[in-house]
Amino acid sequence: LVEPVVSLTKGPNPLIDGANRTIAATCSAATGKPAAEIDWEGGLGEMESSSTLFPNETVTVVSQYMIVPTRFARGRRITCIVRHPALEKELRYPHVLDIQYAPEVSVTGYDGNWFIGRENVQLRCNADANPLPMEFMWTRLDGQWPEGLLSVNNTLQFSSPLTYNYTGTYICKVTNSLGQRSDQKTIYIL
């Protein structure tokens, strides 16, 4: 019996949301005798395995775990499991998926009750993206920017008491290296 040399490597390319089938990870059990058996746990994709037989009768088994990347799989774990007669117990190699995606954006903070003279209100731009960093940009649909509007990172602060001037549609655009997405909220001052 010859014990295999086992290794797990992540796929050669980044896993990007919406891409076609991609190698998430490769598990190899090299120069074992007899051939090792490789399985995967994770339930997200499928495996493709191949083996190479050497003149000294050892065998290298290589198994690729293929997935169609979706952002919902970010942080999910897949595990390569190797079994071989020379091993006392199965070897388990976990791998956490890192899926990249453009920002998902939503604007919150408006409760429908913004009245003349109300103070200390703000809109918040909530975004989830990978990779970071994200860049936030606030604009208003009609291009106007009344005095007292203060854009600070992901919040838009209304630093003066509210007036009718603040009625309008506010847009938050969020950008990371994979793209730009936006959301908007229409504010009515009562």
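The values are calculated or read from the model by the stated rules, or taken from the named source; none is laboratory data. Values in this document were obtained by computation on a predicted structure and should not be read as measured data. Here Cβ is always computed from backbone atoms with ideal geometry, including for glycine, and neighbour counts include all displayed protein chains. When the accessible area is computed, the model is the full protein with side chains, heavy atoms only, and any ligands, DNA or RNA have been set aside. Shrake-Rupley method; radii C 1.70, N 1.55, O 1.52, S 1.80 Å.
How many residues are open to solvent by 100 Å² or more (accessible area, probe 1.4 Å) and at negative phi if we restrict to the stretch 136-179? Quick ask: steps written out before the conclusion?
Filtering the stretch 136-179 down to residues open to solvent by 100 Å² or more (accessible area, probe 1.4 Å) leaves 141, 144-145, 147, 153, 164-165.
Restricting the remaining residues to those that are at negative phi gives 141, 144-145, 147, 164-165.
Total satisfying the criteria: 6.
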The stretch 66-102 - residue that is assigned to a loop (DSSP other than H, G, I, E, B) and over 25 Å from the mean Cα position of the chain (by Cα) and, of those, surrounded by the most Cβ atoms within 10 Å (Cβ to Cβ): 84
How many residues are open to solvent by less than 60 Å² (accessible area, probe 1.4 Å) and under 26 Å from the mean Cα position of the chain (by Cα) when one looks only at the stretch 110-135? 8
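Where in the stretch 10-63 are there strands (runs of 3 or more DSSP E), lying wholly inside it, with at least 2 residues that are exposed (fewer than 13 other Cβ atoms within 10 Å of the Cβ)? Write out each step before concluding.
Details: elements: 22-32, 37-41, 46-53.
Strands (runs of 3 or more DSSP E) meeting the threshold: 46-53.
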Only residues that are touching a residue at least 12 places away in the same chain (Cβ under 8 Å) and of a type in the set (A, V, I, L, M, F, W, C): list them for the stretch 125-148, please. 125, 127, 129, 132, 134, 136, 137, 138, 141
Counting only residues that are within 28 Å of residue 53 (Cβ to Cβ) and of a type in the set (Asp, Glu), the stretch 1-26 contains a total of 1
